[in-house]
Amino acid sequence: MQKRDIKSMTLSELEQELAAAGEPRFRAKQIYEWMHGKQAESFSEMTNLPKALRECLSEQYEYTKVTVVEELTSAMDGTKKFLFGLSDGNVVESVWMRYQHGCSVCISSQVGCRMGCMFCASTLGGLVRNLTASEMLEQVYQIGRMTGERVSHVVVMGTGEPLDNYDALLRFLAIISDENGLNISQRNITVSTCGLVEQIRRLAGEKLQITLALSLHAPDQEKRERLMPVAGRYDIRDVVKACGDYFACTGRRITFEYALIGGVNDTPKDAQALAALVGGMNCHVNLIPVNPVKERSWVRSKPEVIAAFKNSLEKSGIPVTLRREMGKDINGACGQLRRSRMENSRHIPTVSAAGES
Ligand code: SAH
């Protein structure tokens, strides 16, 4: 029988599990606190549980862990990039950044991605699989352990489309913000999406206090479709409307992400069209000079073009920030660390060897 993933269970699910096993009510909370509050490395560390119960738990449940495969530290600002190994041999990357207001972790939500954005390295090999909630949590827990610092902010902006892994994402959000766990304020959590309209609406209905970041990257339908195949599924105005409705439901201001790509989406006309598209909304625009990906030919916009674009939005009354570049020396684009690892370790069996009987 396959062991079940205990670290992905919410507290109420765990309570039901333990009640069904005839355990006293307080046990579930004890175990939950060990897993998510103290981040115990194994059941055997849970010293206030009877030994028989600990043994029973390890027979029945999987205790998810990720292991550090590679750690890179920026000599410029201390930003760290981690490559984590999963139990099935896959790897995912996460980033740790220190800001004035605390420490932030950027996690992956899938191994690979199937959204196909033309400028993104994470999607080049397609989707391998969804991450479980426990694998998402473990990225944060291990980074907290390795840096020895409290994680105050989480952004779900690494590899993967979080709204394409909706159930695990919601579990992750519930557990990471639970007062018996790391207790990270939902206001300090950002989920970034390429714009899956049905799921944005569903998320709005969950009445969470997280920030939604929408990867817009173009001011009109045609340009957006050129950059993001997923854009072909929706009218850009419906995507923006869903974001407006998210604000109406949650009171949380939307972040529109806009990667500036030289000669593609950075003209004065683009800036005006963008201002017309999002003007009047409770939002802010985050401009990201695109990170070149070696498999693609996109280049970043020139500094003076970026400044003019920003200026134009400001003049139209749109709150706008330019993403501060952290860990420039170790960064590369999203998903590139994992890709370089895959390229180094790839071994392609020869046809004759594979075909011999
Ligand atoms: N799938 C989600 C979250 C992961 S990507 C999403 O699409 O939002 C996180 C952000 O990085 C997105 O805004 C994405 O478009 C952006 N991004 C991906 N590759 C990039 C690159 N090479 N340069 C700049 N931004 C990039």
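The values are calculated or read from the model by the stated rules, or taken from the named source; none is laboratory data. Quick caveat: nothing in here was measured; it's all calculated off a predicted structure. No Cβ is skipped: glycine too gets one built from the backbone with ideal geometry, and neighbour counts run over all protein chains shown. Each accessible area value is taken on the protein alone, full model and side chains, heavy atoms only, with ligands, DNA and RNA left out. Shrake-Rupley method; radii C 1.70, N 1.55, O 1.52, S 1.80 Å.
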| request: Please go through segment 19-38 and pick out each residue that is surrounded by fewer than 12 Cβ atoms within 10 Å (Cβ to Cβ) and either hydrophobic (A, V, I, L, M, F, W, C) or in a helix (DSSP H, G or I) (or both). | output: 20, 26
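Rundown of residues vs (1) in a loop (DSSP other than H, G, I, E, B); (2) farther than 22 Å from residue 145 by Cα; (3) within 18 Å of the chain's Cα centre (by Cα), yes/no style:
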{"residue": "40", "(1), (2), (3)": "yes, no, no"}
{"residue": "47", "(1), (2), (3)": "yes, no, no"}
{"residue": "76", "(1), (2), (3)": "yes, yes, no"}
{"residue": "105", "(1), (2), (3)": "no, no, yes"}
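Mind listing whichever residues of segment 153-171 are under 11 Å from the mean Cα position of the chain (by Cα) and assigned to a helix (DSSP H, G or I)?
Our first condition is that a residue be under 11 Å from the mean Cα position of the chain (by Cα); within segment 153-171, this holds for 154-163, 165, 169.
Across segment 153-171, the qualifying residues are 162, 163, 169.
Would you mind finding the one in 196, 208 that is touching a residue at least 40 places away in the same chain (Cβ under 8 Å) and either within 14 Å of the ligand (Cβ to nearest atom) or in the same structural domain as residue 246 (by TED's automatic domain parsing) (or both)?
On the way: 196 fails: touching a residue at least 40 places away in the same chain (Cβ under 8 Å).
Among 196, 208, only 208 is touching a residue at least 40 places away in the same chain (Cβ under 8 Å) and either within 14 Å of the ligand (Cβ to nearest atom) or in the same structural domain as residue 246 (by TED's automatic domain parsing) (or both).
From 300, 338, 346, grab the single residue that is within 16 Å of the ligand (Cβ to nearest atom) and either at pLDDT below 75 or open to solvent by 60 Å² or more (accessible area, probe 1.4 Å) (or both). Outline the logic, then answer.
Numbers: 338 fails: either at pLDDT below 75 or open to solvent by 60 Å² or more (accessible area, probe 1.4 Å) (or both); 346 fails: within 16 Å of the ligand (Cβ to nearest atom).
One residue alone meets the criteria, 300.
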| query | What are the pairs, 6+ residues apart or on separate chains, where a residue within segment 159-173 that is open to solvent by less than 20 Å² (accessible area, probe 1.4 Å) has its Cβ under 9 Å from a residue that is of a type in the set (Phe, Trp, Tyr) and more than 8 Å from the ligand (Cβ to nearest atom)? | reply | 162/172
| query | Can you name every residue in segment 308-327 that is touching a residue at least 12 places away in the same chain (Cβ under 8 Å) and not in a helix (DSSP H, G or I)? | reply | 316, 317, 318, 319, 320, 321, 322, 323, 325, 326, 327
